[in-house]
Amino acid sequence: MLRITDLHVWYGGIHAVKGISLNIPKGQIVTLIGANGAGKSSTVRAITGLVKQVSGEINYKRPNGENIKLLSNTMVMLPEDIVKVGIAMSPEGRRILPHLTIEENLQLGAYIRNDKEGILKDMDWVYTLFPRLKERAWQKGGTLSGGEQQMLAVGRALMSNPDLLILDEPSLGLAPILVRELFNTICQINAMGKTILLIEQNAFAALHIAHRAYILEVGSIVLEGEGKKLLTDPKVKSAYLGG
Ligand SMILES: Nc1ncnc2c1ncn2[C@@H]1O[C@H](COP(=O)(O)OP(=O)(O)O)[C@@H](O)[C@H]1O
Ligand SMILES: [Mg+2]
C-alpha cells in the first residue's frame, strides 16, 4: 500500500535519514523501531509532506487501485492533500487541542469530510474503541491524563477515515498497563481493515503486534523481518529488549 524507496531527509547539514526503503502491505501492521534520534519522526514527516530537504520515492496505492506519488525526487505532496488520499497521522507528543473538548477534537479530525452520517458512525466507533473518551466527551483536552490524550490523538486520526494510519510513538510516557491496552486497541483498529505504520521505541510491545518490522539506527535500516521473529533475534534482544 505504501512503498518508500531510497528516502533521504536532511536538516541543513544534518543527514537524518540516509537512504531507507520500506514496504507497508495493505492490511498489515508494520512497525519502525529505533532509539531517540534514529530518524523515525523524520521518516513520518517525509510521508506526510512535512520536511523540505528530502529525496527518494514514496508511492501510495489507494484501496481503489489509484497510484499516487507522495514523493518523487524532490517533489512533495502537501500535508492537507495527503489526508485527502486516506492517510492520517497521530503525531509524536499527542498535539491535541487543550482548550477544546474531546468531542470537538474528534470533530476536527473529520474536517476534510462532509458525509455527516459517516462522521457520526466513526465517532461512535472511536467511542467504542475508547470508552473512557465517551465518558469524558465534554471534558477539555488539556485536562485529560497522558493516556487519555494519547487515545484522543489516535481517535482524532481515525476521524478522517484513513486507509493508512500512522502512529508516532503512541506508547511514549504511558504506564505498561496502558501500553498493553492501547496496543490491543491498535490490533482492533487493524482488524477493521486499517493498515498501520507504528513508530516505536518500545520494541517489545511493537514487535508483539506487528506483522513486519524494520529497525532504524542513525538514519539507516539495519534489520527487517517478521515482528514475532525479531523478538527472538539475538541482536534485537541485546540492543532493544534488555538482553
Ligand atoms: N527540525 C530539525 N532541525 C534539525 N535537526 C533535526 C530536526 N528534527 C530532527 N532533527 C535531527 O534529525 C535526527 C533524527 O530525528 P528524528 O527523526 O526526530 O528522530 P526520532 O523520531 O527517531 O527520535 C536527530 O539527529 C535530530 O536531532
Ligand atoms: Mg520521533
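Taking the number of other C-beta atoms within 10 Å as the exposure measure, put H211, H99 in order starting with the fewest. Write out the running numbers ahead of the final one.
Working: H211 16, H99 9.
In increasing order of surrounding Cβ atoms, one gets H99, H211.
Specify which residue in the list Q53, A203, I102 is farthest towards the positive end of the charge dipole of the chain, using unit charges on the beta carbon of Lys, Arg (+1) and Asp, Glu (-1), about the Cα centre.
Sorting the options by dipole projection puts first A203.
Between Q201 and K61, what is the label-to-label distance in nm when each label sits 7 Å out along the Cα-to-Cβ direction?
Going from the Q201 label point to the K61 one covers 3.5 nm.
Calculate the spin-label point distance for T101 paired with E181, positioning each point 7 Å from the Cα along the beta-carbon direction, and give it in nanometres.
Taking the simple label geometry, E181 and T101 are separated by 2.2 nm.
Would you calculate a helix-derived [θ] at 222 nm for the chain, using -39,500 (n - 2.57) for each DSSP H run of n ≥ 4 and dividing by the full residue count, to the nearest 500?
Details: 10 runs with 89 residues, N = 243.
For the chain, the value works out to -10500 deg cm²/dmol.
Cut-off 10 angstrom, C-alpha nodes, Gaussian network model of the chain. Which of A191, A205, A16 fluctuates the most?
Per the Cα network of the chain with a 10 Å cutoff, A191 tops the list.
Once you put a point 7 Å from the Cα of H208 and another 7 Å from the Cα of K134, both along the Cβ direction, what distance in nm separates them?
About 2.5 nm, to one decimal.
Give me the base-10 log of I(q)/I(0) for the range 166-243 at each q in 0.11, 0.23 Å⁻¹, Debye formula, one uniform scatterer per Cα, rounded to two decimals.
Each listed q maps to, in turn, -0.27, -1.18.
With a 10 Å Cβ neighbour count serving as the proxy for reagent exposure, in which order, fewest first, do S41, S145 appear?
Values: S41 21, S145 13.
Least crowded to most crowded, the residues run S145, S41.
Quick check on the chain: of the DSSP beta bridges with both residues there, what percent are antiparallel, nearest 5%?
On the way: 29 of 48 bridges.
About 60 percent, rounded to the nearest 5.
Using Cα pairs under 8 angstrom and six or more residues apart, how large is the relative contact order of the chain, in percent? Before the final figure, lay out each step's value.
Working: 481 pairs, mean separation 63.7, N = 243.
Relative contact order for the chain comes out at 26 percent.
Taking a 24 Å limit on the Cα-Cα distance, which of the listed pairs K26/K237; K26/K69; K40/K228; K116/K194 fall beyond it?
Details: K26/K237 28 Å; K26/K69 17 Å; K40/K228 21 Å; K116/K194 21 Å.
Flagged as over cut-off: K26/K237.
Rounded to two decimals, what is Rg over Rh for the range 28-176 when you use alpha-carbon atoms and the Kirkwood radius? Don't skip to the answer; put the middle values down first.
Details: Rg = 15.9 Å, Rh = 16.3 Å.
Ratio value, two decimals: 0.98.
Computed from the coordinates by the stated procedures, all read-outs in this text should not be read as laboratory data. Since the structure is predicted, the reported quantities are computational estimates derived from the model, not experimental observations. We place every Cβ from the backbone using ideal geometry, glycine too, and count neighbours over all the protein chains shown.
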